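A.B. asks: Pasting a structure below so you can have a look.
The values are calculated or read from the model by the stated rules, or taken from the named source; none is laboratory data. Since this is a predicted model, take the numbers as computed values, not measurements. Heads up, the Cβs are rebuilt from the backbone with ideal geometry, glycines too, and the neighbour counts pull from every protein chain shown. The accessibility values were calculated without ligands, DNA or RNA, using every heavy atom of the protein model including side chains. Shrake-Rupley method; radii C 1.70, N 1.55, O 1.52, S 1.80 Å.
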Amino acid sequence: MAGPQPPSSQQGKRQKKVAGGGRVKVYLHAVTDEHAELLTDVGNKCPLEEIGKKTGTDVQFDPHPSPVPGMKIIIIRGVPSKIEAVVRLIRQVTGVQDTLPDQAQTFWLQWVKASYPDLQSRAYFLPPVYFNRVPMTRETVAGQDIRVLDSRYEKASQRSGLLQKKGSLLKSSKTHDPQHQDVLTSNTQVTTPSETAETSISQPATVQDSDIRDDTAMNQVLFCLQSLSEKKGEVLFGITRLHFGQYLSEPGFAVAAAQLPRASSLPPDLPHNWKQGKFDVLLIHRHYGLVVCNVMSFGDITNDHKMSKEDVEKTIRKKLRDAVSQLDNAEAMLSHLVSDIAPGLHITKTIAVPNLTTDQVQQAISHDSQLTEDLHRCLKTTNPVDITGVCLCCDQLSDPKTPCDVSSHVLKKLGEWWTRRVTVSGPDSHMTRHVYRTLVAR
């Protein structure tokens, strides 16, 4: 089967463009040991190398051992338009008769079994720790460990701020002092959008305050969920920051995943652009089905003296509307994608707002009957007044300054939330041991 090898954020930005084909990407394809022998040296020729030459791609065996016994991984580097051609030729040489979806499903079931031996008895998270979008380094100041921005990103942010100021100055000069325009134009280098797109390959991405807030919020939520699962002995598989587009639209998956029964096409009543949606946290629970959590981060709006109380509540309501839309998209897509495995599988939705208290959320929605109704429907609460009770607010989470320090008090609050939100309906009869492993493999 084929699948992408996720590049780092910077590696992804440096992907090389090839004329007529898009960007060079890296994909993986699995074959059995017996089939691998057919692709190695035969006389003076190596079929795998010949396939690479014929398709204009770089094709080679992964030098590292495969996590699945009896299987080898082939690394394919090339433009997406040629990935399918490589896989077709490999299948011709090896004489594979199984359909690609069957081959992919078998491989991933074996991979899950080998990679997660205690899948049926403990919680796993993928990735096991949250990777910040904004790189940070650890330093010691006055005997205390602190995290600071990577120097490259800090300089990039400072440079971006300077360019924005110059751009504003240039714009202002054009409006208020036409005679001074030529002087500024000749002495000030202002980066245009097209220039930014080109220089982003070699320059670190600009750090936004919102990115730092998002990282902090995600860390809080994940540390708490991991601590809760360990404390309660929950059996689940957690996935973070996965875009449906990576599952449905990446060309590498077009060879295998897109041919799976429910990934190949969208139902007619589902908007096509929904497949580009995303979820922040997905929990596949051994007993309770799927739990989808949308994590919303806010700036320090409650202490911003420039914002009125009405503006603060308006901002909160807008974020909550966005969360409802994203959760509805996630539910529709997940229901479709797993319907061939477990039709009618229970999906629980929730919203995490680590920057806000329960009272702040309640106050914001109390003046908007439509939003209250939308949240009530989306979260499937038994009573509209229970909306805040099934959301994760800062009242139930660890301190953002020390997110990994999940106290017994926080665990108690989290346990109460878990009961109200997840376990209240009881185990889902669809979730057998086989279905659970198949969902993780899918």
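A.B. asks: Condition check: modelled with pLDDT under 90 and touching a Phe, Trp or Tyr at 6+ places or on another chain (Cβ under 9 Å). Does Pro128 satisfy that?
C.D. replies: no
A.B. asks: Any idea which of Thr388, Thr357, Thr382 is open to solvent by 60 Å² or more (accessible area, probe 1.4 Å) and of a type in the set (Val, Ile, Thr)?
C.D. replies: Exactly one residue qualifies, and that residue is Thr382.
A.B. asks: So, of the residues in segment 332-345 that are open to solvent by less than 40 Å² (accessible area, probe 1.4 Å) and either outside any helix (DSSP H, G or I) or of a type outside the set (A, V, I, L, M, F, W, C) (or both), which turns out to be farthest from Val361 (Cα to Cα)?
C.D. replies: Ranking the qualifying residues of segment 332-345, first place goes to Ile341.
A.B. asks: Of all residues in segment 421-442, how many are part of a helix (DSSP H, G or I) and surrounded by 15 or more Cβ atoms within 10 Å (Cβ to Cβ)? Give the derivation first.
C.D. replies: Taking segment 421-442 first, the residues part of a helix (DSSP H, G or I) are 421, 423-425, 433-441.
Applying the additional criterion that residues be surrounded by 15 or more Cβ atoms within 10 Å (Cβ to Cβ) yields 421, 423, 435-441.
So the count comes out to 9.
A.B. asks: For segment 70-96: of the residues being outside any helix (DSSP H, G or I), in contact with a helix residue (DSSP H, G or I) (Cβ under 9 Å, 6 or more places away or on another chain) and under 14 Å from His35 (Cα atoms), which is most open to solvent (accessible area, probe 1.4 Å)?
C.D. replies: Out of the qualifying residues, it is Lys72.
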